[in-house]
Each structure stands twice: as structure tokens, then as C-alpha cells.
Amino acid sequence: MWPLGHAAVGYLCYTIATRMRFDRPPGEFAVLFLLIGTQFPDLVDKPLAWYLGALPTGRTLAHSLLFLVPLSIGVYFLARRYDRPEYGIAFVLGALSHALVDALPVLWGGTDPSFLLWPALPVEAYESGAPSVIGLFQESLGDPYFLLEFVLAAIALVYWRRDGYPGLEPIRAVLVRVLTRSSTKESA
């Protein structure tokens, strides 16, 4: 799944869970931790496999439940220590949903889920270096699973709007601060 699909699935899971637990929309900063979590496995594995050759594929270390579960426990307890357990829950839900959604194509014979237990189970290493992102995108265009990501993104956008666009204000504040600093430096 591509980043947009992972973000959409993570947000849908998190907003539904938050509504069920607290009868309110997700919090501003919790959504940011969620989005980081939804991208975390790829942010770790893809560079280590594709560009550094340190991992056999782009779905190994940070996609493995043998790594994600202990990491998730640690992140949750760290967030709880700083009196922000919801940030930990958001990150954990995002990261775990990422790995599990990547394994879904096993249902129709499209993926080998052994990456979920790497290194206890072996994975097939890349044959010829890093795959081309453009090539991967072109291969995905006719895949119904890829097209489903856009449907999920549209549904997530509806929920995000209904929830009042949580996470948007902190991003806007950071962007304003960064742009204000850069325009101040340019005029000096």
C-alpha cells in the first residue's frame, strides 16, 4: 500500500476507536502521532533496504511484529510517562495498521506475509537492487487494491472533515513559524 492508503486506513481506525472510547473526535496532536505511525514502517525499511542495502527488502525490520510489538509497548509507556498516553496509542495504531494492511493481499495470493515475523521467517531479497518508485507506481495502476486506496482516502477525508480537521492547526502553526523565519532572514 502507498502512503496515502496507509494514512487513510490509520485515520479511519483511529477516529472510529476514539469515537467509541471517548465519544469525541481525535485530538490535534494525537493525529500527528498517528500519521507518523502510519508511515513509520516504510520510513525505516525502504531507505535501509533500497538505498543502504542493510535489509533484504523494504518490508522487513519495521514491518515485523517481532520489532513492532516491543517498539509499540515502549512508545506507549514513554508517552504515558509524559502524561500523553493517547499519543502513544495513536502511534501504535498507525504503525500496527500499516504492517497488517501490507499483509492483506495474502488473502488473494498477492503477498507473502512472512515479513510479519522477519527475521524468524525468511523473506525473498531483492534480485537487482532497489525497485524504481515510478516502476512500482506504474505496476500499481491496474491493481484494484491500489485503486481502493483512493476510495479509502475519500472516506477518511469525509471523516477528517466531520472531525473538524484534527492535526491541521499544529501543522499550520509550524508552517507559519517556518515561513515567517525564512521571510525575516530574506529581508535582513
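Each reported figure results from applying straightforward, stated rules to the coordinates on display, with no laboratory input. Given the structure is predicted, the values throughout are model-derived calculations rather than measurements. Here Cβ is always computed from backbone atoms with ideal geometry, including for glycine, and neighbour counts include all displayed protein chains.
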Subject >> Listed residues G109, I89, L61: farthest to the positive end of the dipole of the range 1-127 (Cβ charges) >> reply: I89
**OP:** Tell me which residues come under 5 Å, amide H to amide H, from L55 once H is placed; ignore anything under 5 positions away on its chain.
**Re:** A49
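Using only the Cα atoms, what convex hull volume per residue in Å³ does the range 3-187 have?
On the way: hull volume 31.0 nm³, N = 185.
Spelled out: Cα convex hull of the range 3-187, divided by residues, is 168 Å³.
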Original post:
Suppose every K and R has +1 on its Cβ and every D and E has -1 on its Cβ; what is the size of the dipole of the range 3-187 about the Cα centre, in Debye to the nearest 20?
Top reply: 860 debye
Subject >> Dipole axis of the chain (+1 Lys, Arg; -1 Asp, Glu on Cβ), positive-most option in V44, Y76, P122 >> reply: Y76
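Can you list the DSSP H helices in the chain whose Cα atoms extend at least 24 Å along the helix axis and whose mean Kyte-Doolittle hydropathy is 0.0 or higher? Display every interim value, and only then the final one.
Values: long enough: 3-22 (27 Å, 0.52); 28-46 (28 Å, 0.93); 85-103 (27 Å, 1.03); 144-162 (27 Å, 1.13); 168-187 (28 Å, 0.03).
Flagged H segments are 3-22, 28-46, 85-103, 144-162, 168-187.
Find me the longest stretch of the chain that has none of the exposed GluC sites (Glu not before Pro), where exposed means in a DSSP loop (not H, G, I, E or B) with at most 15 other Cβ atoms within 10 Å.
Numbers: sites that count: E124, E127.
Looking at the chain, 1-123 is the longest stretch - no exposed GluC sites (Glu not before Pro) with at most 15 other Cβ atoms within 10 Å.
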